[in-house]
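The values are calculated or read from the model by the stated rules, or taken from the named source; none is laboratory data. Owing to the predicted nature of the structure, the values given are computational and were not obtained by experimental measurement. Using ideal geometry, Cβ is built from the backbone for each residue, glycine included, and neighbour counts are taken over all protein chains shown.
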Amino acid sequence: MNAETTVVICVYTEDRWEDILAAVSSVRAQSLTALETLLVVDHNVSLLARLTKEYKETEDVRVLANAGPRGLSAGRNTGIAASRGDIIAFLDDDAVAERDWLRHFAEAFEDPRVLAVGGRTMPAWESGRRPRWFPEEFDWVVGCTYKGLPRGRVRVRNVLGGNASFRRTAFDAAGGFATGIGRDGDKRPLGCEETEFCIRLSRARPDAVLLIDDRSVIHHRVPAVRERFRYFRTRTYAEGLSKALVSRSVGAAKGLESERRYTTRVLPAGVARGLRDAALGRPGGAGRAGAIVAGVLTAAGGYVIGSVRARRGGATFSVVEIAGTADTGGEGAAA
């Protein structure tokens with residue numbers, strides 16, 4: 001475990017102030033100490049100044065401004081360029097990591113073939129429990145590990161970006177995250193930038209091993225607004241749009257490789273379980289079955305619309321080359 005790890009947390013709103021502090025505290029409490037934590041602020045001068053003041057006396061936390069266009073991908077790229085670690089881990093700004101999160105990542109990287117390791121993300125529902133209608137197969141809607149992903153430490157096509165780590169050489173080989181695919185502040189909740197990157201990485205390095213180790217656990221806060229069906233519908237539609245962009249970048253064969261198994265095996269099994277529960281009088285069964293069907297149809301609609309837009313040139317994205325370590329301190333980054 002000689003490799004040192006930089007943790008990057010991308011932030012954008014003061015509404016998550018307490019969440020951000022909790023995320024940083026969870027990194028500082030790790031059983032395997034991180035070399036540094038980088039807080040990358042996405043075009044929010046007030047938040048940048050507040051965080052700079054909060055952590056000005058610390059040596060292990062640096063506050064940076066997103067040096068690229070607004071959005072999560074550019075924020076991550078800023079963190080990558082500024083990082084000093086051999087391993088770069090990403091943690092959502094509204095999540096907390098369990099104590100051995102980084103230790104389990106580091107163990108996987110002892111194999112030199114491993115270029116990426118993801119973990120398990122558990123939902124922390126604001127209401128205190130999962131809504132009865134909300135299917136576990138769609139936990140990706142709220143940024144969490146979903147039913148159908150393999151358990152244990154296993155090879156995967158891609159990791160999930162809010163709980164993931166990469167060897168620095170992965171970015172040397174494949175560049176950075178593509179801008180124009182992922183989230184952009186409070187706009188439509190797009191995603192899939194980590195999927196596109198991982199596919200691109202595997203093409204650049206065919207020998208690369210990408211893993212999920214579900215012992216690397218974080219707990220992701222799910223606010224009440226995201227427990228509602230309206231958000232569920234919006235997010236699944238946005239996922240379809242995002243998948244269309246990914247398919248445009250890497251081809252439909254790779255871009256939808258994992259999704260074919262998910263839609264033909266995992267989701268039908270989920271519908272069957274929901275209908276069985278309904279027949280047995282168990283609460284929420286019919287709702288879960290209906291939500292799965294609605295989610296598939298909405299995502300498919302988004303994919304069709306996104307594909308049409310892509311063909312017409314209405315959707316663009318670009319891949320950023322990571323040029324090396326950036327010298328960007330907290331105060332200077334505000335300019």
Could you figure out which of (1) over 15 Å from the mean Cα position of the chain (by Cα); (2) within 30 Å of V27 (Cβ to Cβ) isn't true of Y237?
(2)
So G152, is it surrounded by fewer than 19 Cβ atoms within 10 Å (Cβ to Cβ), small (G, A, S) and touching a residue at least 24 places away in the same chain (Cβ under 8 Å)
yes
Go through (1) at pLDDT 95 or above; (2) among the hydrophobic types (A, V, I, L, M, F, W, C); (3) surrounded by fewer than 21 Cβ atoms within 10 Å (Cβ to Cβ) and name the single condition V96 misses.
(3)
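Output the residues belonging to the range 75-102 that are within 13 Å of the chain's Cα centre (by Cα) and outside any loop (DSSP other than H, G, I, E, B). Lay out the reasoning, then the answer.
Going residue by residue through the range 75-102, those that are within 13 Å of the chain's Cα centre (by Cα) are 75-76, 89-95.
Hits for the range 75-102 are G75, R76, A89, F90, L91, A95.
Does T195 qualify as being among the β-branched types (V, I, T), modelled with pLDDT under 95 and touching a strand residue (DSSP E or B) at 6+ places or on another chain (Cβ under 9 Å)? Show your work before the answer.
Numbers: among the β-branched types (V, I, T): yes; modelled with pLDDT under 95: yes; touching a strand residue (DSSP E or B) at 6+ places or on another chain (Cβ under 9 Å): no.
So T195 does not fit the description; no.
Is it the case that some residue within the range 206-214 is under 29 Å from R132 (Cβ atoms) and in contact with a strand residue (DSSP E or B) (Cβ under 6 Å, 6 or more places away or on another chain)? Spell out the reasoning first.
Of the residues in the range 206-214, the ones under 29 Å from R132 (Cβ atoms) are 212, 214.
The next check asks that each one be in contact with a strand residue (DSSP E or B) (Cβ under 6 Å, 6 or more places away or on another chain); those that pass are 212, 214.
Looking for residues that are under 29 Å from R132 (Cβ atoms) and in contact with a strand residue (DSSP E or B) (Cβ under 6 Å, 6 or more places away or on another chain), one finds at least one in the range 206-214, hence yes.
Would you mind listing the helices (runs of 4 or more DSSP H) fully within the range 238-311 where at least 1 residues are over 21 Å from V156 (Cα atoms), among the charged types (D, E, K, R) and at pLDDT 95 or above?
Numbers: elements: 252-255, 257-261, 267-279, 285-311.
Passing ranges, in order: 267-279, 285-311.
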Looking at (1) touching a residue at least 40 places away in the same chain (Cβ under 8 Å); (2) more than 12 Å from I9 (Cα to Cα), which is the one condition that is false for V96?
(2)
Does G332 satisfy being under 29 Å from A81 (Cβ atoms) and either modelled with pLDDT under 95 or under 22 Å from the mean Cα position of the chain (by Cα) (or both)?
yes
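Looking only at the range 4-34, count every residue that is of a type in the set (K, R) and touching a residue at least 40 places away in the same chain (Cβ under 8 Å) and tell me the total.
Filtering the range 4-34 for residues of a type in the set (K, R) gives 16, 28.
Then keep just the ones that are touching a residue at least 40 places away in the same chain (Cβ under 8 Å); that gives 16.
Result for the range 4-34: 1.
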What tally of residues in the range 292-307 results from selecting those that are touching a Lys or Arg at 6+ places or on another chain (Cβ under 9 Å), within 20 Å of F134 (Cβ to Cβ) and not small (G, A, S)?
1
